[in-house]
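Everything below concerns the one structure shown next.
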Amino acid sequence: MKELKVAVNTNSLRKNFSNAEMVALIKSCGAGGIEWGMNGLEGLQEECREMIRLTEDAGLQVISFINGGKLLNTEEMKRWTETVAASGVKTMRVAHPWYAYNFEEALHQPDNYLDLLKMTRDGLERIEELGRQSGLRYVMETHGSSVFASPVVAHYLLAGLDPAVFGVIYDPANTYIEGFVRPRGAAEVIGPYMSYVHVKNIRWKEQQGLLLGERQRQVWRPEKCHLDEGLVDYQEVFFAMNCIGFEGWYSFEEMFSQPDQVAAEIRRGIEHLKLCREQAPLAPREPFKSFNY
């Protein structure tokens, strides 16, 4: 069995740590890669250079740059693409279109969902040749409230487009909030567009909520937690990845611990991932169920 490829996403860390401190923390946890969050187009070239230098000096690998341009803004995407591609990094997460996180957002969303899907597909088609010429792969995350929330929708949005140019970051925890498909089904339907996996876990927390129209009732909201405590069973996720032959990166994101406990949180998570991977079946097993026959 090959070594588990673990990376860490910097978005939830940078409010408490400098770039150099994040690199040192990530290396101390035993991770081998970094998913670097960018801050904007202004000063992007220098920022990318610093991130790459710090990462490589520590013997780590930049697996992607994230927080890239808005998918529907082609001119903006060209500017992001030019700078990131010139850095030598081959993967950039882009900002896919958003629909609505909750009832209140849906109430004020001007776009019909079908229209938004078409706008998304048109945007993807406009940048396909740009990605191909630059050697950059654009990736979108399965994220609640976005058009890519469901792996199945991601499949239909990307169908027929070049998987060397477009990919999906599969976030199983996000799909428990919206767009859930069993991990094996998610992996199979994403297929060649699978880029890497986001790692975190959530559980539902009950609380009193004040909803639209001044209604009060008990509601359930997602709460981040350790990998061995939440809804996602990472043994099932590894089984799903085994079914499609995926051997790529698993990137920790949205760490929830206090700054002095973040490293311990990631180390605990890595150990849990290793255990789940060791115990994950390599393929479906007989006797097979006769669900559909």
**OP:** Please work out if W204 is open to solvent by 90 Å² or more (accessible area, probe 1.4 Å), touching a residue at least 24 places away in the same chain (Cβ under 8 Å) and part of a strand (DSSP E or B).
**Re:** yes
Original post:
Does region 255-270 contain at least one residue that is open to solvent by 50 Å² or more (accessible area, probe 1.4 Å), within 20 Å of I169 (Cα to Cα) and in a loop (DSSP other than H, G, I, E, B)?
Top reply: no
Original post:
Which one of A186, A280 is crowded, with 16+ Cβ neighbours inside 10 Å, over 28 Å from F65 (Cβ atoms) and among the small types (G, A, S)?
Top reply: A280
Original post:
Is there any pair with a first residue in region 92-103 that is closer than 15 Å to G179 by Cα and open to solvent by 30 Å² or more (accessible area, probe 1.4 Å) and a second that is in a loop (DSSP other than H, G, I, E, B) and of a type in the set (S, T, Y) whose Cβ atoms are under 7 Å apart and which are 6 or more apart or on different chains, and what are they?
Top reply: W98/S145; Y99/S145; Y101/S145
Original post:
Does region 149-175 hold any residues that are touching a Phe, Trp or Tyr at 6+ places or on another chain (Cβ under 9 Å), without any contact (Cβ under 8 Å) to a residue 60 or more places away in the chain and either open to solvent by 40 Å² or more (accessible area, probe 1.4 Å) or in a strand (DSSP E or B) (or both), and which are they?
Top reply: H155, P163, F166, V168, Y170
**OP:** Could you tell me which of the residues V232, V219, V189 is β-branched (V, I, T) and assigned to a loop (DSSP other than H, G, I, E, B)?
**Re:** V232
Original post:
Do you know which residues across region 25-64 are open to solvent by 40 Å² or more (accessible area, probe 1.4 Å) and touching a helix residue (DSSP H, G or I) at 6+ places or on another chain (Cβ under 9 Å)?
Top reply: S28, G30, N39, L41, Q45, R49, E50, D57, G59, Q61
Subject >> From S195, S146, residue being closer than 28 Å to R267 by Cα, within 22 Å of the chain's Cα centre (by Cα), of a type in the set (S, T, N, Q) and buried (at least 21 other Cβ atoms within 10 Å of the Cβ) >> reply: S195
Original post:
Taking the stated definitions as given, is G123 more than 30 Å from L273 (Cα to Cα) and open to solvent by less than 60 Å² (accessible area, probe 1.4 Å)?
Top reply: yes
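The values are calculated or read from the model by the stated rules, or taken from the named source; none is laboratory data. Quick caveat: nothing in here was measured; it's all calculated off a predicted structure. For neighbour counting, all protein chains shown are included, and Cβ atoms are generated from backbone atoms with ideal geometry for every residue, glycine included. Ligands, DNA and RNA are excluded from the accessible area calculation, which covers all protein heavy atoms including side chains. Shrake-Rupley method; radii C 1.70, N 1.55, O 1.52, S 1.80 Å.
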